[in-house]
Every structure is written in structure tokens, then in C-alpha cells.
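Okay, structure first, notes after.
The values are calculated or read from the model by the stated rules, or taken from the named source; none is laboratory data. Predicted model only: the values in this text are computed from it and were never measured. Counting neighbours? That spans all protein chains shown, and the Cβs are built from the backbone with ideal geometry, glycine included.
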Amino acid sequence: MGIESVKNSGYYIKEMLMIMPVIFVLTALLDMWVSKEKIMKFLGKDAKAKGVFLAFVIGSISAGPIYAAFPMCVMLHKKGASIRNIIIILSSWAVIKVPMLLNEAKFLGPKFMVIRWILTVVAIIIFSWIADKIIKDKDLPSEETSQVGLIINKGACMGCTLCTKNYPELFEIKSKKAVIKAHDATTIDKEKLQTTINACPVKAIEYIED
């Protein structure tokens, strides 16, 4: 049993190492291509039923394991998506993805799949509404700050090491989080730093000039 557990762990670690770089790239591309105004319009608090429907669609047509959804949801929240819609995306991704429903219908029957899908959707709507009342935007990691200079949002950082690869003279990883090395602010390569900021999949790095 112990050997099988180790084998299973190795399989999932290998899966994560193969999937997460792709997710980081896709998240970065979405961040560049989709404006904050559009995210707020279609997934923000004022999107109402339209936002709920779109959140269900995004979660349902997704591919990959649930942990692949977290970087994207961090990006969506940063750009104005409501907590309720983020919860719907995560929940849909986990339990009502289209490939999952097709397999469920094949092995358990269409009737079982449809009834389970309806009950699950109702439950997601109820619990996302409750969670939205309890959890506030300020409870989630935020990039908002009054500081100036180079800043890393430790709450958002996933320790992906892209910053250390793009600008090793300025960044390093400690305790699975990116940290800023001691440096002279006047010697920062602005172009290299901007490339590093753009490469961060969760936009945890910010440079605010005086």
C-alpha cells in the first residue's frame, strides 16, 4: 500500500509539473488580452445573472484538474471579478465539467447525470451567494498598497520561480515565495524588470515610482 501511495504521488507530481507551466502561460496571455473593464462588465458584481451564467460556462468547459483554476481565478479577482462568480467557476470546474458529465452519463446513465447536475447547480448558486455575503474582497490577497518602489504581493505569489529566472540579480525564492534581494534602486534595469513583471502569472510583482 505504501509503494502504491508513493507511485500515485509521483504520478500527480508529474502531472502538475506538466500542466502548471501551460496554465501560467495561458493565465498571463488572458491577463494581457482581456481588459479589466471587460472582466468587471461580464464577471463583476454588477454582472448579476449574466455573470453567474458566464461563470458556469467558464467552469464547465474547462480542462485539467481543479488546481489549474487557481492562478486564473487570482487574475480574474485582481481584474474585478466578484467573489461569487469566482466560487462558481471553481465549483463548476470541480464537479460539472462537460467531459465529466459525459462520462457520468455513460457509466451511471443520463437520468442520473441530469438530476445530479441540476441539484449541483442549485447547490453552487446557493453556496456561492452565502459565501459572497461572508467573504469580502479585503479578505483575499490584494495588490493595493500605499508603498512605493518594488513590491511583491506575498499572498498572491505562488513561488513559480519565473521572476528568479528573468531577473536573478533582483529576485530569489525563500520559503516557497519570491523575495527581493538587497539592491540599489538606481541600478534597476527598468526594461528587464518590466519583462519580469509581465511574466508573473498572478501579477504579484509591482513597481511604483515616486
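Only residues that are basic (Lys, Arg) and assigned to a helix (DSSP H, G or I) were counted in segment 71-91, giving 2.
In segment 51-67 there is at least one residue that is modelled with pLDDT under 90 and touching a Leu at 6+ places or on another chain (Cβ under 9 Å).
Does residue 123 satisfy the condition of being of a type outside the set (D, E, K, R) and at pLDDT 90 or above? Please lay out each step first, then the result.
Working: of a type outside the set (D, E, K, R): yes; at pLDDT 90 or above: yes.
It is true that residue 123 is of a type outside the set (D, E, K, R) and at pLDDT 90 or above.
If the condition is being touching a Ser or Thr at 6+ places or on another chain (Cβ under 6 Å) and hydroxyl-bearing (Ser, Thr, Tyr), then segment 148-195 contributes only 167. Of all residues in segment 99-108, at least one satisfies being among the hydrophobic types (A, V, I, L, M, F, W, C), touching a residue at least 12 places away in the same chain (Cβ under 8 Å) and assigned to a helix (DSSP H, G or I).
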